Amino acid sequence: MAVQRKRVVFTCEAPEAKNVSLTGSFNNWSKSADPMKRNREGTWTKIKVLPRGTHEYKFVVDGEWILDTHNHTTTTRCDGTVNNVIEL
């Protein structure tokens, strides 16, 4: 049986940023695997097709790890790190 997948659009408001990437449990927290694209207004987007389930993620904006301000669902890891959570 095939794994069910869902298309997700991630957005990050960072008009002054030079580089933004999406990182998370779905890409082994890689800062280079999922670069985001900037539109004229300074909103960065990345479309991912992810398997159903729970995924943790953050954005890396010019080297700084930040939370998604559009998603208030978070989890705190045992080391104190806070990540966003998406349930598909």
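What follows draws every value from the coordinates through simple rules; no lab data is involved. Everything quoted here is computed from the prediction, not taken from an experiment. Note that we place each Cβ from the backbone using ideal geometry, even for glycine, and neighbour counts take in every protein chain shown.
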query = Farthest toward the dipole's positive end in region 29-88, which of Leu50, Val85, Val60, given Cβ charges of +1 (Lys, Arg) and -1 (Asp, Glu) about the Cα centre?
reply = Leu50
query = What's the exposure ranking of Ile47, Ile86, going from fewest to most Cβ atoms within 10 Å?
reply = Ile47, Ile86
query = Under unit Cβ charges (Lys, Arg +1; Asp, Glu -1), what dipole magnitude, rounded to 20 debye, does the chain have relative to its Cα centre?
reply = 460
key: Cα gyration tensor, region 1-64 - rounded (a/c under 1.5), prolate or oblate   = prolate
inquiry  = I want to check a number: in region 5-87, how many lysine pairs have alpha carbons closer than 13 Å, given a sequence separation of 8 or more or different chains?
reply    = 6
ask   = Which of Glu13, Glu56, Glu64 moves the most in a Gaussian network model of the chain with Cα springs under 10 Å?
value = Glu64
query = Which loop-located trypsin sites (Lys or Arg not before Pro) does the chain contain, where loop means any DSSP state but H, G, I, E or B and the Cβ has at most 12 other Cβ atoms within 10 Å?
reply = Lys18, Arg40, Arg52, Arg77
